[in-house]
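A.B. asks: Take this structure first; my questions come after.
The values are calculated or read from the model by the stated rules, or taken from the named source; none is laboratory data. Fair warning: this is a prediction, and the values are worked out from it, not measured in the lab. Every residue, glycine among them, receives a Cβ derived from its backbone with ideal geometry; neighbour counts consider all protein chains shown. For the accessible areas, the whole protein counts, side chains as well, though only heavy atoms, and no ligand, DNA or RNA atoms are used. Shrake-Rupley method; radii C 1.70, N 1.55, O 1.52, S 1.80 Å.
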Amino acid sequence: SQKIEQNSEALNIQEGKTATLTCNYTNYSPAYLQWYRQDPGRGPVFLLLIRENEKEKRKERLKVTFDTTLKQSLFHITASQPADSATYLCALDSDNYGQNFVFGPGTRLSVLP
Amino acid sequence: ETGVTQTPRHLVMGMTNKKSLKCEQHLGHNAMYWYKQSAKKPLELMFVYNFKEQTENNSVPSRFSPECPNSSHLFLHLHTLQPEDSALYLCASSQDSAYGYTFGSGTRLTVV
């Protein structure tokens, strides 16, 4: 069956450290993989997209990798800050056309001062 | 504001009521989506509209009925819901997957 898993439900790290979140998928062949941030009571906010032919993408303190062999994406936040505390969701296109994205369960990140 | 507006923000309805959720986007996007987010569960894709045409119906019960009168507006009509339908209902729009989806703030629905 098709499945998207994110490494842990919750992750606590110390301010200034690098947070690494994992997204693994089974029985999908996505052309695109996205990462979103969601704060309580709000809708997700788009952060980054990486294509299947890209190994790595960066945006400010964020870095995403995509390994189609391992069927895994890693999401890194460097020099983490308490304001980075949120739930982070990965999403991939279930139809390989970049239209119908399905989401993982999310990882709740807490950055401790 | 994200550019995708959902109303109402909160809704409490009885199991015999009929209500509608509204979503509006002025971003010029050509695709709109309904997602359901329940506690402890991932976002579930419910409906997809491309250029006002429904292209996906993800095995959603018929008590949920979508309507897309134009590319800027999307409705979700609700009738005879069950308590387990209580959730956050999120609307999203997109133009190009490279820019991701833009979500509204959602409607928190409680069925009593």
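A.B. asks: Could you tell me the relative contact order of region A:1-86? Use alpha-carbon pairs under 8 Å, at least six residues apart, and round to a whole percent. Intermediate values should be presented prior to the final figure.
C.D. replies: Working: 153 pairs, mean separation 27.1, N = 86.
Relative contact order for region A:1-86 comes out at 32 percent.
A.B. asks: Tell me the Kirkwood hydrodynamic radius of chain A in angstroms, computed as one over the mean inverse distance between distinct C-alpha pairs. Let's see the in-between values first.
C.D. replies: Working: mean 1/r = 0.0712 Å⁻¹.
With all distinct Cα pairs of chain A included, I get 14.0 Å.
A.B. asks: In addition: Using bins 5 angstrom wide from zero, how does P(r) for the protein assembly as shown break down, in % of all Cα pairs?
C.D. replies: In whole percents, the pair-distance histogram is 1, 7, 15, 18, 18, 16, 12, 7, 3, 1, 0.
A.B. asks: Now a separate question. Would you calculate the volume per residue, in Å³, of the smallest convex hull containing every Cα atom of region B:56-104? Write out the running numbers ahead of the final one.
C.D. replies: Numbers: hull volume 5.1 nm³, N = 49.
Cα convex hull per residue, to the nearest whole number: 104 Å³.
A.B. asks: Go ahead and run the numbers for FRET between A:Ala10 and B:Val112, Cβ-Cβ distance against an R0 of 35 Å, rounding to 0.05.
C.D. replies: On the way: r = 31 Å, r/R0 = 0.87.
Plugging the Cβ-Cβ distance into 1/(1 + (r/R0)^6) gives 0.70.
A.B. asks: List every residue whose amide H lies under 5 Å from the amide H of B:Ser86, counting only residues 5 or more places away in sequence or on a different chain, with H placed 1.01 Å from N in the peptide plane.
C.D. replies: B:Val111
A.B. asks: A follow-up question, please. Using the crude model of +1 on Lys and Arg Cβ and -1 on Asp and Glu Cβ, and no other charge, please compute the dipole size for chain B relative to its Cα centre, in debye to 20. Could you put the intermediate results ahead of the total?
C.D. replies: On the way: 10 positive and 9 negative charges, 82 e Å.
Around 400 debye, computed over chain B.
A.B. asks: While we're here: Would you please name the chymotrypsin sites (Phe, Trp or Tyr not before Pro) within region B:1-77 that are DSSP coil residues with at most 13 other C-beta atoms within 10 Å of their C-beta?
C.D. replies: B:Phe51
A.B. asks: With unit charges on the beta carbons (Lys and Arg positive, Asp and Glu negative) and the dipole taken about the Cα centre of the protein assembly as shown, which residue among A:Gln72, A:Leu89, B:Thr55 sits farthest to the positive side?
C.D. replies: Going by the Cα projections, it comes out as A:Leu89.
A.B. asks: Whole-Hz Karplus ³J(HN,Hα) for region A:77-92, in order, using 6.51 cos²θ - 1.76 cosθ + 1.60 and θ = phi - 60°, x for Gly and Pro?
C.D. replies: 10, 8, 6, 4, 10, x, 5, 7, 5, 4, 9, 10, 10, 9, 9, 9
A.B. asks: Per residue of region B:81-88, in order, report the coupling 6.51 cos²θ - 1.76 cosθ + 1.60 (Karplus, θ = phi - 60°) as ³J(HN,Hα) in whole Hz, putting x for Gly and Pro.
C.D. replies: 6, 10, x, 6, 7, 4, 5, 9
A.B. asks: When the scattering of chain B is computed by the Debye formula from its Cα atoms alone, each counted once and equally, what is log10 I(q)/I(0) at q = 0.14, 0.19, 0.21, 0.22 Å⁻¹?
C.D. replies: -0.51, -0.94, -1.15, -1.25
A.B. asks: Gain in length, A:Asp95 to A:Lys17, computed as 0.36 nm per residue apart minus the alpha-carbon separation, to one decimal in nm? Mind dumping the intermediate values first?
C.D. replies: Details: separation 78, 0.36 × 78 = 28.08 nm, distance 3.62 nm.
24.5 nm is the gain from fully extending A:Asp95 to A:Lys17.
A.B. asks: Considering only protein heavy atoms and a probe of 1.4 Å, how much of the accessible area of the protein assembly as shown is carbon and sulfur, as a whole percent? Before the final figure, lay out each step's value.
C.D. replies: Working: 5190 of 10820 Å².
Ligands and nucleic acids excluded, carbon and sulfur give 48 percent.
A.B. asks: Turning to a different aspect of this structure: Enumerate the calculated ³J(HN,Hα) couplings along region B:22-28 in order (Karplus 6.51 cos²θ - 1.76 cosθ + 1.60, θ = phi - 60°), each rounded to whole Hz, writing x wherever the residue is Gly or Pro.
C.D. replies: Here the 3J(HN,Hα) series is 10, 9, 9, 10, 10, 9, x Hz.
A.B. asks: Another one. Of A:Pro113, A:Ser8, B:Leu11, which is farthest along the charge dipole of the protein assembly as shown in the positive direction, counting Lys and Arg as +1 and Asp and Glu as -1 at C-beta?
C.D. replies: About the Cα centre, the residue reaching furthest to the positive side is A:Pro113.
A.B. asks: Moving on to the next point. Mind listing, in residue-number order, the residues in region B:46-67 that have at least 10 Å² less accessible area with every protein chain present than in their own chain alone (1.4 Å probe)?
C.D. replies: B:Val48, B:Asn50, B:Glu56
A.B. asks: For region A:1-56, give the magnitude of the charge dipole about the Cα centre (Cβ charges: +1 Lys/Arg, -1 Asp/Glu; no others), in debye to the nearest 20.
C.D. replies: 60
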